[in-house]
Amino acid sequence: MAYKLWINGAWQDSDGGKIVDLENPATEATIAQVTEATRADVDRAVQAAHAAFYDGRWSRLTPGERSKALWKLADLMEARIEEFSRAETDSTGKPYKFISLGGDLPFAIDNLRFFAAAARDTHGSHAGEFLGGYTSMYRREPVGVVGQIAPWNYPILMAIWKIGPALASGCTVVLKPAPTTPLTTLMLAELSAEAGIPAGVLNIITGGNDAGQAIVEHPLVRMVSLTGSVNTGKKVMRTAADTLKRVHLELGGKAPFIVFDDADPAAVAEIAAFAATVNTGQDCTAATRVYVSQDKVKNVQDALVEAMRATPVGAPYDDAVKMGPLISRVQRDRVMGFVERAKSAGAKILTGGNIPPAWQQGYYFEPTVIAEANQAAEIIQSEVFGPVVTVNSFRDEAEALYYANDVAYGLAASVWTNDLGRAMRVSSALEFGTVWINDHLPLTSETPHGGFKQSGFGKDLSAEAMGDYQITKHVMIKQ
Ligand code: NAD
């Protein structure tokens, strides 16, 4: 099937864009074709979003009416959950059971329902007299046309995390999914019309980095929301400066997993292995750096190696499988490059590091544990985005904190201890947007997700995400 572009509430042909194949990373088979949008296509989508914003067909609906359409969209997704789950599995190669019931799709639907409800709570914070003879009130206004750019690791979740708060706030949207994984976002586009979201309010442009660049450059786009790598975030911020757009950046991560000496090594290792291999490690919050108190490091390391070796790797529709392939050949080459360079720099590969002998077709890679890497080494300092975890030891709490914070990233971290005072001290000192105590990974619709430092700024999920898509206006009335 060949998809067109979703502009102004209809499938539209591209103005000169190429048709490209989408590949299933588990089988290397072609699953669909999409269009690489051109600059002219991006302009058409932005103009449609601009017209839809300024005639008020969405922003001037009551919050209740906007909420109803978003809730209906969630219902429509739920009715087609199997179709969405299959398309997502075939696009990403991740285990079907982690996408369908109990996985990404139910979470995405719940996220959308959260934003449908949040749409009804978008009021300003003040009304009062702050100068004699005047009444002031604060209104919360939608930012306007928002350009949204998503990555490939959680395609439908990232699409919902972007459009949910933007549409709930009354903004109109031009969204570009990642070039390799646009299918479920395109399916969502068609459902948006059925849900009663007016034409032009949600536009979906497929294509690569040039299409993304054209969105960021467009003068009618008031804000850009990107989820992607740190380097893309830097480029987007530079480009956005020319038209002084708001930027909302959800970037990479390099999560530390800090294990103190009172934690149970076997229990901790099992969760570390899951958190390092979830989505084949292509998760911005994945556990990537395990730091263990020096008297327990050997126990945790051995248990982690065992748990990583025991991770069932294989075909996405096999119910026993917990880890599928990486997203592409390019990504696998990238991950292998990191492991090779770590080895050359003197680190020790305790398990993994290769293509699994049984899985030569598709872009599989073994769950990998690396020890004895230097804190300054690339394998500790840079995001690999594969099923690769390092293990190192620390002497005391201060050293654990130093190692954990000593990276450019600041997205997520976890601390493993039963000492409440230590858990409070360490979580307060960690420079990460999410800190888990005695777990790693869970997120909810109500709680904010976003980074410190070079992991970006602005929040996804929660009422804070709503706030990012609104501007406070002060209205002052002379009595
Ligand atoms: P990427 O940065 O290569 O691409 C992300 C998106 O940006 C794609 O749609 C791409 O086409 C677009 N893009 C690239 N260059 C652009 C430019 N100059 N202007 C505008 N758009 C441009 O990232 P990826 O490889 O698709 O995704 C993996 C990255 O995403 C990882 O670094 C991961 O940590 C990060 N991520 C972060 C979060 C979070 O919540 N912080 C969530 C998921 C993924």
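The values are calculated or read from the model by the stated rules, or taken from the named source; none is laboratory data. This is a predicted model, so every value here is computed, not measured. Heads up, the Cβs are rebuilt from the backbone with ideal geometry, glycines too, and the neighbour counts pull from every protein chain shown.
Return yes when residue 215 is touching a strand residue (DSSP E or B) at 6+ places or on another chain (Cβ under 8 Å) and more than 9 Å from the ligand (Cβ to nearest atom) and no when it is not. Taking the combined requirement at face value, the residue does not satisfy it. Every listed requirement among (1) surrounded by fewer than 19 Cβ atoms within 10 Å (Cβ to Cβ); (2) within 16 Å of the ligand (Cβ to nearest atom); (3) under 28 Å from residue 297 (Cα atoms); (4) hydroxyl-bearing (Ser, Thr, Tyr) is met by residue 444 save one, (3).
One residue stands out among those in segment 128-155 that are more than 20 Å from residue 230 (Cα to Cα) and in contact with an Asp or Glu (Cβ under 8 Å, 6 or more places away or on another chain): the one that is nearest to the ligand (Cβ to nearest atom), which is 136. If you filter segment 408-430 down to residues that are within 13 Å of residue 258 (Cβ to Cβ) and in a loop (DSSP other than H, G, I, E, B), you find that the one that is farthest from the ligand (Cβ to nearest atom) is 419. Among residues of segment 87-142 being among the hydrophobic types (A, V, I, L, M, F, W, C) and outside any helix (DSSP H, G or I), the one that is farthest from residue 472 (Cα to Cα) is 101. Of all residues in segment 62-82, exactly one satisfies the criterion of being part of a loop (DSSP other than H, G, I, E, B) and either in contact with a helix residue (DSSP H, G or I) (Cβ under 8 Å, 6 or more places away or on another chain) or closer than 15 Å to residue 12 by Cβ (or both), namely 80. Residues in segment 29-67 that are among the aliphatic types (A, V, I, L, M) and surrounded by 17 or more Cβ atoms within 10 Å (Cβ to Cβ): 32, 34, 37, 42, 45, 46, 48, 49, 52, 61.
Among the residues making up segment 409-443, those that are within 16 Å of residue 396 (Cβ to Cβ) and within 24 Å of the chain's Cα centre (by Cα) are 415, 430. When we screen 184, 206, 280 for residues that are of a type in the set (Ser, Thr, Tyr), near the ligand (Cβ under 10 Å from one of its atoms) and within 21 Å of the chain's Cα centre (by Cα), the only hit is 206.
Contact map, segment 156-167: first residue under 11 Å from residue 248 (Cβ atoms) and more than 11 Å from the ligand (Cβ to nearest atom), second residue assigned to a helix (DSSP H, G or I) and modelled with pLDDT of 95 or more, Cβ cut-off under 8 Å, separation 6 or more or different chains; pairs are 165/115; 165/118; 165/465; 165/466; 165/468. As for segment 357-365, it holds at least one residue that is more than 15 Å from the ligand (Cβ to nearest atom) and touching a helix residue (DSSP H, G or I) at 6+ places or on another chain (Cβ under 9 Å). Taken over segment 280-312, residues that are free of Cβ contacts under 8 Å to residues at least 12 places away in the same chain and farther than 17 Å from residue 264 by Cβ amount to 1. Checking each residue in segment 333-386 for being farther than 21 Å from residue 255 by Cα and buried (at least 20 other Cβ atoms within 10 Å of the Cβ) picks out 362, 363, 364. Yes or no: segment 309-316 includes at least one residue that is within 16 Å of the ligand (Cβ to nearest atom) and either modelled with pLDDT under 95 or not acidic (Asp, Glu) (or both). Looking for residues that are within 16 Å of the ligand (Cβ to nearest atom) and either modelled with pLDDT under 95 or not acidic (Asp, Glu) (or both), one finds none in segment 309-316, hence no. Checking each residue in segment 283-308 for being within 16 Å of the ligand (Cβ to nearest atom) and among the aliphatic types (A, V, I, L, M) picks out 286, 287.
Regarding residue 386, is this residue within 16 Å of the ligand (Cβ to nearest atom) and either part of a strand (DSSP E or B) or more than 30 Å from residue 63 (Cβ to Cβ) (or both)? In short, yes. Of all residues in segment 223-271, those that are assigned to a helix (DSSP H, G or I) and within 16 Å of the ligand (Cβ to nearest atom) total 12. Residue count for segment 391-405, restricted to those that are surrounded by fewer than 20 Cβ atoms within 10 Å (Cβ to Cβ) and touching a residue at least 12 places away in the same chain (Cβ under 8 Å): 4.
For segment 96-110, the criterion of being of a type outside the set (Ser, Thr, Tyr), more than 28 Å from residue 247 (Cα to Cα) and in contact (Cβ under 8 Å) with a residue 60 or more places away in the chain is met by at least one residue.
For every residue, the table says whether it meets (1) more than 13 Å from residue 179 (Cβ to Cβ); (2) among the small types (Gly, Ala, Ser); (3) in a loop (DSSP other than H, G, I, E, B).
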{"site": "6", "(1), (2), (3)": "yes, no, no"}
{"site": "14", "(1), (2), (3)": "yes, yes, yes"}
{"site": "21", "(1), (2), (3)": "no, no, no"}
{"site": "26", "(1), (2), (3)": "yes, yes, yes"}
{"site": "31", "(1), (2), (3)": "yes, no, no"}
{"site": "37", "(1), (2), (3)": "no, yes, yes"}
{"site": "42", "(1), (2), (3)": "yes, no, no"}
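Within segment 351-363, does at least one residue satisfy the condition of being under 27 Å from residue 297 (Cα atoms) and among the hydrophobic types (A, V, I, L, M, F, W, C)? No: zero hits. A search for C-beta distances below 7 Å between a residue of segment 435-459 that is more than 21 Å from residue 230 (Cα to Cα) and any residue that is crowded, with 20+ Cβ neighbours inside 10 Å and of a type in the set (Ser, Thr, Tyr), counting only pairs 6+ apart in sequence or on different chains, returns 436/414; 439/414; 440/414; 446/462; 447/462.
Within segment 280-309, the residues that satisfy the criterion of being more than 23 Å from residue 92 (Cβ to Cβ), of a type outside the set (S, T, N, Q) and part of a loop (DSSP other than H, G, I, E, B) are 295, 296.
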